[in-house]
Amino acid sequence: MLIVGAGLAGSLLALALRELDQPVTLIDRPDPGPTATTASYGVLPGFPLGTSPLARQVASAADLWRALQSRYGDLGWSPRQRLPVPLSQVDSSVLERQLPALLERLGVEQVSAEVQGLERCGDRWRLHCSAGAALEADQLVLAAGAGCRGIWPQLPAPLRCSWAGVLALPHWPSSAGSPALHLPARFRRPQLERRAPQLRAPEAVVDAGLVPRGEGALLGQISWIDGALECAPAPDPGRSEALLRAALPAQWAALEGRWLQMPVAFCSDGLPLVGPVPGAPGLFCFSGFSGAFAQVPLLAPLLAQFMAGSPGAEAALQRLQVWAPARSAPG
């Protein structure tokens, strides 16, 4: 099995497949730069953020991370707050440091290459990569986030791409007290994502949070979203940073940090796209997450079970309303 994308989604899916003794090759770009995994707050609410079946189930995501760490060692998860509401966090700096070695230990082949094309050859998929390399497999998973549609343009229409920016601080600011989660009362990005199909020009929203990451912190999140299926040209970094800082509380606005900007995938109906791609036998999509650190640990084992032929996995994904064949027509 081939998986394109070695971020959170692709890596945890590879882990779940190896737990089922399935051979896996994981492909990632040689120099991926900042990614959605890098810039994520990694926060796990211990309560449902909605009424959908998926929202209710991912409220226990902390238990899934705790179980992963009990099997494989530190992956960055830790409880952060119990009252007034339970919150925990996965520190993406720890996760990104630990995952490659863990996957190697479990027998996942990791290939560093730029994907340049995908074609169906008989009953197999052939992935053309940089330096003339080609890889083939019966089953191939697109877990490359914002890069998925560029590889296979016929993916269902809910899957879209936006731009995100965040400030990475080298140290936790002393003015914020001891490291803790400082989150907005309500994140604005999901509402703008739902309006994406109706947008005629790019719009931006800022979610002004501050969370620990490694020895430092992530500050603020700006999201640029428009109505196109393809990823729009990158917004001007200087303008994006200025808009973000203008929306921050005064005590944070002047803090020095490194600007990170990257394309990210989302689904305009609020649910990720998981399962076989309609009309493309053996091709799967695992992308478009909103709250990936809560959703991926639940969904990766279910997709792995389906790919390995386990009965019941398809029905479970359908109940969660993420099943790709049941979604709207291709974009």
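Numbers below:
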item	result
Total formal charge among the other residues, if their Cβ is under 15 angstrom from that of Ala228, Lys/Arg +1 and Asp/Glu -1	0
Fraction of beta bridges assigned by DSSP in the range 1-148 that are antiparallel (%, nearest 5)	65 percent
Contact order normalised by residue count of the range 1-96, Cα under 8 Å, 6+ apart, percent	24 percent
Top positive-direction residue, dipole computed over the range 107-185 with Cβ charges, set Gly165, Gly145, Leu155	Gly165
Computed helical MRE - 222 nm, the chain, DSSP H runs ≥ 4 contributing -39500 (n - 2.57), nearest 500	-8000 deg cm²/dmol
³J(HN,Hα) computed for each position of the range 115-127 - Karplus, 6.51 cos²θ - 1.76 cosθ + 1.60, integer Hz, glycine/proline x	6, 10, x, 9, 9, 8, 10, x, 9, 10, 9, 10, 9
Percentage relative contact order, the range 162-285, counting C-alpha pairs under 8 Å, at least six apart	35 percent
Environment charge at Leu248 (Cβ cut-off 12 Å; Lys +1, Arg +1, Asp -1, Glu -1)	-1
Length added when fully stretched, Ser70-Ala232, from 0.36 nm per residue minus Cα-Cα	54.2 nm
Scattering curve values for the chain, log₁₀ I(q)/I(0), Debye with Cα scatterers, q = 0.15 Å⁻¹	-1.33
Coil-residue trypsin sites (Lys or Arg not before Pro) of the range 1-104, DSSP, other Cβ within 10 Å capped at 16	Arg82
Ranked order, Met307, Met1 - accessible area, probe 1.4 Å, largest first	Met1, Met307
Contour excess over end-to-end distance, with Cα ends at Ala101 and Val85 and 0.36 nm allotted per residue	2.4 nm
By accessible area with a 1.4 Å probe, ligands and nucleic acids excluded, highest first: order of Arg213, Arg200	Arg200, Arg213
Long-range amide H partners of Leu118 with built H, under 5 Å	His128
Pairwise centroid distance, computed over Cα atoms, of the range 1-45 with the range 261-331, Å	14 Å
Net charge, Thr38 excluded, C-beta distance under 12 Å - Lys, Arg +1, Asp, Glu -1	+1
Unpartnered cysteines - no second Cys beta carbon under 4.7 Å - across the chain	Cys121, Cys129, Cys148, Cys267, Cys285
Cα-projected label distance for Arg258 with His182, points at 7 Å along beta-carbon direction, nm	2.2 nm
Antiparallel DSSP beta bridges within the chain, as percent of all bridges there, nearest 5	75 percent
Net charge dipole size for the chain [Lys, Arg +1 and Asp, Glu -1 on Cβ; Debye, nearest 20]	860 debye
Mean Cβ neighbour count within 10 Å, used as a protection proxy, ranking 30-36, 130-136, 90-96 highest first	90-96, 30-36, 130-136
Solvent accessible area, Å² - Thr51, 1.4 Å probe, full protein context	120 Å²
Relative contact order %, the chain, counting alpha carbon pairs below 8 Å whose residues are six or more apart	22 percent
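The values are calculated or read from the model by the stated rules, or taken from the named source; none is laboratory data. These numbers were taken from a predicted model, which means no experiment stands behind them. Positions of Cβ are generated from backbone atoms using ideal geometry, with glycine treated the same way; all protein chains shown enter the neighbour counts. Ligands, DNA and RNA are stripped out before the accessible areas are found, and what is left, the full protein with its side chains, is counted by its heavy atoms. Shrake-Rupley method; radii C 1.70, N 1.55, O 1.52, S 1.80 Å.
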